[in-house]
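A.B. asks: Just dropping this structure here.
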Amino acid sequence: MISLDKMLLWVAAGLVFLHGHPVMAGGVAEYIVIDTPEEIADGLIVEFLNGAYVLSTTPYSQSLIGVTDRNPRAAVSSIGKGSGSVPLITAGTVSVQVRGLVEVGDFITSSDTPGIGQAITQPGFTIGRALEGFAPDDADTLGSIKLSVNPTFAWPDDVKFNLRATFQDPQAVLVSLPRPLRYIVSVIVALLSLLSGWVLYTRITLVTVSALGRNPLAKNHIYALAGVQTAVTLGLVFGGFFLAYIILVL
């Protein structure tokens, strides 16, 4: 059953967003307790990992959930203030700490610096979209920009770059896919391999029967050729299954 505080949070989020666009400044926060010994500052990206709220430390983390803000426009939670709780913006606009070059409209994801964001350079999970740009002289310089919070999987806007990144580092693209999508891709690859194998085997059988009918004296050669083609077909099928398995375990 959905708790009352979650229902109120969704209602508040509906007031902040209209068809995916913020209609007022600020954001809707939920009070949480972050598992960290450090003091929590504003604008830090948080993920929900292994049953606990923690500052993000993995680039393109699939568990991103919100951004800290000690002065939210609205806050709804059963925890409330105190007890080490921190307001976490899960919908609306908020200031987020980032590093590196960020342009307006860039999708922002986590980095290897705890709680700090960065613009995506490959497909992956994001915490939202930049409403402001940031152009530091040093790539490691930190800054603060306005962010429209909307955790989602995203691609960079440059389609040519997407294709280039896919061919240059396909493993990174596969790893960044959501787990459900990876299951779907894996099943599709396995089914295509099985279908291709069946089509090829059927063709080999028909060609073999036809060849034997035309030249029965060359049956040894025909059988040998059919055996090689069958082996190649089985290799294709098992290769497809192996690829499907790799997609799941990466």
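A.B. asks: What about THR36, is it polar (S, T, N, Q), at negative phi and surrounded by fewer than 22 Cβ atoms within 10 Å (Cβ to Cβ)?
C.D. replies: yes
A.B. asks: While we're looking at this one, here's another question. Could you tell me whether segment 176-184 includes any residue that is outside any helix (DSSP H, G or I) and within 35 Å of the chain's Cα centre (by Cα)?
C.D. replies: Looking for residues that are outside any helix (DSSP H, G or I) and within 35 Å of the chain's Cα centre (by Cα), one finds at least one in segment 176-184, hence yes.
A.B. asks: Whether any residue in segment 182-205 is closer than 30 Å to GLN62 by Cβ and modelled with pLDDT under 80 is what I want to check.
C.D. replies: yes
A.B. asks: Which residue is modelled with the lowest pLDDT, if the candidates are limited to segment 68-92 and must be under 16 Å from ASP35 (Cα atoms), assigned to a strand (DSSP E or B) and among the hydrophobic types (A, V, I, L, M, F, W, C)?
C.D. replies: Restricting to residues being under 16 Å from ASP35 (Cα atoms), assigned to a strand (DSSP E or B) and among the hydrophobic types (A, V, I, L, M, F, W, C), the top hit is VAL86.
A.B. asks: Based on this model, can you work out whether ILE222 counts as touching a residue at least 60 places away in the same chain (Cβ under 8 Å) and either among the aromatic types (Phe, Trp, Tyr) or touching a Leu at 6+ places or on another chain (Cβ under 8 Å) (or both)?
C.D. replies: no
A.B. asks: Of a type in the set (Ser, Thr, Tyr), at negative phi and modelled with pLDDT of 80 or more, is that true of SER144?
C.D. replies: Judged against the criteria, SER144 is a match.
A.B. asks: Out of LEU147, LEU131, I need the residue that is surrounded by 15 or more Cβ atoms within 10 Å (Cβ to Cβ), out of contact with any Gly (no Cβ under 8 Å at 6 or more places or on another chain) and not hydroxyl-bearing (Ser, Thr, Tyr). Which one?
C.D. replies: Residue meeting the stated conditions: LEU131.
A.B. asks: Looking at (1) part of a strand (DSSP E or B); (2) modelled with pLDDT under 95, which is the only condition SER61 fails?
C.D. replies: The failed condition is (1).
A.B. asks: Any idea how many residues of segment 195-213 are surrounded by 14 or more Cβ atoms within 10 Å (Cβ to Cβ) and of a type in the set (A, V, I, L, M, F, W, C)?
C.D. replies: Of the residues in that region, 5 qualify.
One line per residue, one yes/no per condition, for (1) within 28 Å of LEU181 (Cα to Cα); (2) modelled with pLDDT of 95 or more; (3) in the same structural domain as LEU44 (by TED's automatic domain parsing):
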| position | (1), (2), (3) |
| --- | --- |
| VAL94 | no, no, yes |
| GLY100 | no, no, yes |
| GLU103 | no, no, yes |
| ILE108 | yes, yes, yes |
| THR113 | yes, no, yes |
| GLY117 | yes, yes, yes |
| GLN122 | yes, no, yes |
| THR126 | yes, no, yes |
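A.B. asks: Scanning segment 112-139 for residues that are among the hydrophobic types (A, V, I, L, M, F, W, C), in a loop (DSSP other than H, G, I, E, B) and more than 15 Å from the chain's Cα centre (by Cα), which turns out nearest to VAL86 (Cα to Cα)?
C.D. replies: If we take residues in segment 112-139 being among the hydrophobic types (A, V, I, L, M, F, W, C), in a loop (DSSP other than H, G, I, E, B) and more than 15 Å from the chain's Cα centre (by Cα), then ILE116 is nearest to VAL86 (Cα to Cα).
The values are calculated or read from the model by the stated rules, or taken from the named source; none is laboratory data. On a predicted model such as this, the values are computed, not experimentally measured, just so you know. All Cβ positions, glycine included, derive from the backbone under ideal geometry; neighbour counts span all protein chains shown.
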